[in-house]
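The values are calculated or read from the model by the stated rules, or taken from the named source; none is laboratory data. Since this is a predicted model, take the numbers as computed values, not measurements. Counting neighbours? That spans all protein chains shown, and the Cβs are built from the backbone with ideal geometry, glycine included. When the accessible area is computed, the model is the full protein with side chains, heavy atoms only, and any ligands, DNA or RNA have been set aside. Shrake-Rupley method; radii C 1.70, N 1.55, O 1.52, S 1.80 Å.
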Amino acid sequence: MSKLGNLGARLHRGEIGYDFVKNRKIWYGLSILITITAIVGLAVRGLNMGIEFQGGAVFTTPKNVSVSVSQAEEYAETASGHDAIVQKLGDGSLRIQVAGIETDKANQIKSQLSDDLKVDAEQINAELVGPSWGEQIADKAWQGLGIFLILVVIYLAIAFEWRMALAAFVALIHDITITVGIYALVGFEVTPGTVIGLLTILGYSLYDTVVVFDSLKEQTKDLTKQTRWTYSDVANRSINSTLVRSINTTVVALLPVAGLLFIGGGVLGAGMLNDISLSLFVGLAAGAYSSIFIATPLVADLKEREPAMKALKKRVLAKRAQSAAKGEPPVQGDDEAFADEPEDAAPAVVGPRNQPASRSRGRGRPSGKRR
């Protein structure tokens, strides 16, 4: 077995692990800081909306135009009187984008570009976009996002419980805010491809969150019948047991997206692929973070406000204090902790599955007998 596979197996069995839930205030603080930075970026710089949302024109020149990108940008700005964005495509042609111009002015700009670039006007392809089309896309995107979030909350509330639905909702909003904020801070252009990528990352983020929630739901059945583990203990175990799986899923998803972004977009100049992959790359990383550091610790916080879980935590801490006073080994994190509990005390919770009971009986006591 590889080192990573062995690490995953040990995490799943609970032999090792990191206390994510205990350090949740650190993650909350970090997320709040990132979110505030993103909101400030949105408020100060705003989003760099593409011509699909502002209206304008896109001119594509023939292949192998003997003009640099900076020179073509200067020509376009002089001809249009507006800021222009120029990209060199993989086949050597130039994509000149001018936003905020009237469609009837496009022919004049095309003619001027033809003279400056020294190419036939018929060889320059012009695509005109009206601002009303962009408004329709934005409206549909907001509608799709709203419907998606409502359905997610309803599904999770039915399949799990309302606290998990709330935590997943917070994690999704967290991912969207960070992704959009990075676009504002860095100045990435927002296009319909960006909207598609933004809606796509929500599914990836939700997938990782549901995997942890499913493990947590399974391991907390009849939790109040024992006195070894608090809800936070089991929540932390659920994160650790699925940690390697979440990392593997994210890395496997990021690799092709990185290929699209850095090779397809950066080298070949693939416009729409670049827009989609950029939002996917940022969003997938944020989604993996929120699934591990935000969603499940938040569920643990909400659950331990329940009277039953408060009482359980009080009993568990009292028993641990009693064991410590007697000089007995600490029971927290002991995979064989349920050996001393009644037979109906949630035998499936937390400990390794299908473990023979005889292996744990009497361990750690001189006589080997149960009290």
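A few remarks follow.
- Checking each residue in region 80-123 for being out of contact with any Leu (no Cβ under 6 Å at 6 or more places or on another chain), open to solvent by less than 70 Å² (accessible area, probe 1.4 Å), touching a residue at least 12 places away in the same chain (Cβ under 8 Å) and assigned to a helix (DSSP H, G or I) picks out S80, K105, I109, K110, L113, D116, L117.
- Output for region 155-208, where each listed residue is buried (at least 20 other Cβ atoms within 10 Å of the Cβ), outside any helix (DSSP H, G or I) and of a type in the set (D, E, K, R): E189
- Here P62 meets each of (1) exposed (fewer than 13 other Cβ atoms within 10 Å of the Cβ); (2) over 20 Å from P192 (Cα atoms) with one exception, condition (1).
- Some residue of region 200-216 being of a type outside the set (S, T, Y) and touching a strand residue (DSSP E or B) at 6+ places or on another chain (Cβ under 9 Å): no
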